[in-house]
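In what follows, a structure is listed as structure tokens, so that the remarks can point back to it.
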Ligand SMILES: C[S@@+](CC[C@H](N)C(=O)[O-])C[C@H]1O[C@@H](n2cnc3c(N)ncnc32)[C@H](O)[C@@H]1O
């Protein structure tokens, strides 16, 4: 057999700017494949299987054995290639050994991030959010982002002929995928809000404007038993709301009025609105509050300058997702939120508290 020698080393790449930037560009261009491979791994239940293995490392063979109707040879090789890619992004960990015949045997364990990608680990999961962002209807809209910059309609609107909200109305499949994602994220954020934010102590009546079916108020009033909750949303959302002890459901349009209370909660509502609608809503919140009343907005908050950090990248991706999908929706900086509040009459104190995962609680007084 002919001897083969490899010349050069991959470590030569370090410090070679031409090649570093080439690889950076290549990685950016193909990063969608990571999202899509994650989606496939979620669909195949690989993260659940790894998380439920009790710390034992599993081979692709063992993982494929648990999958329905996998063609043995092809299936095992495909599972191995999927996990090998995910190992290179630290989604799973890979142990390699040399087998009896000199072959490489790979075994996989979950990396810490898998706690958010498995579905059945009991806590909150981002797997439903992965299914929404990679849904066919969402992905096709991205093709139109460049064209949509010219104005007129969002990329989603150009692609589907209607707004995302209207599309949800006629596509129960997609709205179901979206709802599952939002339920998980909202529960996680609310549990962290209750741990880290202490502005609920002195509230008697809390109005959750755009509170959906009341899940947030259910959690708040379970912790703060002295609070009476008013869950305010559109008639469609209220018609689906279960009865919750200590919470009154009121159906209405927040651009017409907001029910009175001594604090108003707006959780991830402002980011779906353009600046004019934010001001219309905030003025109604101002009118609903007594002189000592407070507005608590729970929102993503953008940094003033785009930093090269995972947290900032997640936020700017979210903002461009809003640009792609939402008529007028956008993420904002703290200064932008404060300016909107001041324009709506909130001339008192302003306080911000970091919550979790890029969410902040922003408190404004009259
Ligand atoms: C992004 S969701 C936020 C839901 C909830 N606050 C949470 O954090 O999960 C926006 C909510 O605002 C509600 N909404 C939209 N337009 C509204 C309006 N004009 N009046 C009242 N609620 C509205 C929607 O029905 C939805 O429940």
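Residue pairs whose Cβ atoms lie under 6 Å apart, sitting 6 or more positions apart in sequence or on different chains, and linking a residue in the range 181-194 that is near the ligand (Cβ under 9 Å from one of its atoms) to a partner that is assigned to a helix (DSSP H, G or I), are 190/216; 190/219. From the list 318, 281, the one residue that fits, being touching a strand residue (DSSP E or B) at 6+ places or on another chain (Cβ under 7 Å) and within 30 Å of residue 158 (Cβ to Cβ), is 318.
Considering the range 235-258 alone, what residues qualify as being within 11 Å of the ligand (Cβ to nearest atom) and over 26 Å from residue 170 (Cβ atoms)? Answer for the range 235-258, where residues must be within 11 Å of the ligand (Cβ to nearest atom) and over 26 Å from residue 170 (Cβ atoms): 250, 257, 258. Is it the case that residue 223 is away from the ligand (no atom under 16 Å from the Cβ), modelled with pLDDT of 95 or more and over 24 Å from the mean Cα position of the chain (by Cα)? Against the criterion (away from the ligand (no atom under 16 Å from the Cβ), modelled with pLDDT of 95 or more and over 24 Å from the mean Cα position of the chain (by Cα)), residue 223 qualifies. Taken as a whole, the structure leaves residue 232 outside the set of residues that are near the ligand (Cβ under 10 Å from one of its atoms) and surrounded by fewer than 16 Cβ atoms within 10 Å (Cβ to Cβ).
Looking at this structure, is residue 184 more than 21 Å from the chain's Cα centre (by Cα), crowded, with 16+ Cβ neighbours inside 10 Å, on the phi < 0 side of the Ramachandran plot and in the same structural domain as residue 221 (by TED's automatic domain parsing)? Taking the combined requirement at face value, the residue does not satisfy it.
Kindly establish whether residue 104 is exposed (fewer than 14 other Cβ atoms within 10 Å of the Cβ) and not assigned by TED's automatic domain parsing to the domain that holds residue 161. Judged against the criteria, residue 104 is a match. Please go through the range 148-172 and give me each residue that is surrounded by fewer than 16 Cβ atoms within 10 Å (Cβ to Cβ), over 12 Å from residue 326 (Cα atoms) and modelled with pLDDT of 95 or more, ordered by number. 161, the sole residue that qualifies.
The values are calculated or read from the model by the stated rules, or taken from the named source; none is laboratory data. Values in this document were obtained by computation on a predicted structure and should not be read as measured data. Glycine gets a Cβ as well: all are built from the backbone with ideal geometry, and neighbour counts include every protein chain shown.
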